[in-house]
Amino acid sequence: METQEIENILQEYLEKTNRSMRELEILKQISTDNLMAVLELRKSQELLSREFRSFKDEMKVFKDEMKAFKDEMKAFKDEMNKKWGELANRLGTITEDIFAPGIPHLVKSLGYTIKEKMLNVEFGKNGRFRQYDALVMAEDENGNEVLFVAEVKSRARSEDFEQLKDLLKDLLEFKPTYQKVKIVPVLAAFKIPEDLVNLASKKGVLLVRMGGEYLEPLNPEVVK
């Protein structure tokens, strides 16, 4: 084999060796980069995992706080409903306390003689009971008995007439002796819409409200 041919073979081998070394360096660099990327990914995953656990803990605390807040709001709402109910009952009692005692004086001012008055009285029969704010038995100028049956409201409404009608129906069932006397239904209230006056007169109901002289009738003609 000639010297030139040997040199060519050695040169080709050297070039292949250099190429292989470069390829190894490239592979090494790629492997190193991949390893660093994997390590960074793992770090990111661990960081995300810690942050997620922290987020879950924070969410649990938040949910617990929200539950406690909802429980407090429910308790507050229940307490306020109780207070409003007590206030409503108290206002109703105040209304009755103001109006009911004045009904006998009103009846007297209309020219009647008072024979008997009953305030906040209850009647019942066969397990059924009714509360009546004021009953006043009186006599007119001719000696005829007239029974005034008063229902007290804070504000008068049209549906109160039906309720008053039912009260009178039950009263005659509870106390049959009242069927022999004339009955005047009375609806007393702090607030009475103007459109109820004519309706009350048509139904024969005496409307009464707070006036300059304690209680005043709005349609006194119904008792004449």
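A few notes on this one:
- Phe129 vs. criteria farther than 21 Å from Asn219 by Cβ, among the aromatic types (Phe, Trp, Tyr) and either in contact with an Asp or Glu (Cβ under 7 Å, 6 or more places away or on another chain) or not in a loop (DSSP other than H, G, I, E, B) (or both): yes
- Taken as a whole, the condition of being over 17 Å from Gly111 (Cα atoms), under 32 Å from the mean Cα position of the chain (by Cα), of a type in the set (Asp, Glu) and surrounded by fewer than 15 Cβ atoms within 10 Å (Cβ to Cβ) does not apply to Glu151.
- Being farther than 15 Å from Ser109 by Cβ, among the hydrophobic types (A, V, I, L, M, F, W, C) and not in a helix (DSSP H, G or I) holds for only one residue in Phe190, Phe161, and it is Phe190.
- Residue within segment 100-113 that is out of contact with any Phe, Trp or Tyr (no Cβ under 7 Å at 6 or more places or on another chain), surrounded by fewer than 18 Cβ atoms within 10 Å (Cβ to Cβ), in a helix (DSSP H, G or I) and basic (Lys, Arg) present: yes
- Qualifying positions in segment 169-224 - without any contact (Cβ under 8 Å) to a residue 12 or more places away in the chain, over 23 Å from Thr113 (Cβ atoms) and either basic (Lys, Arg) or not assigned by TED's automatic domain parsing to the domain that holds Arg157 (or both): Lys169, Lys202
- Lys117 vs. criteria surrounded by 13 or more Cβ atoms within 10 Å (Cβ to Cβ), in contact with a Ser or Thr (Cβ under 8 Å, 6 or more places away or on another chain), among the basic types (Lys, Arg) and outside any helix (DSSP H, G or I): no
- Whichever residue in segment 134-158 is assigned to a loop (DSSP other than H, G, I, E, B) and charged (D, E, K, R) and, among such residues, is nearest to Leu119 (Cα to Cα): Asp140
The values are calculated or read from the model by the stated rules, or taken from the named source; none is laboratory data. It should be emphasised that the depicted structure is a prediction, and the values quoted were computed from it without experimental measurement. Glycine gets a Cβ as well: all are built from the backbone with ideal geometry, and neighbour counts include every protein chain shown.
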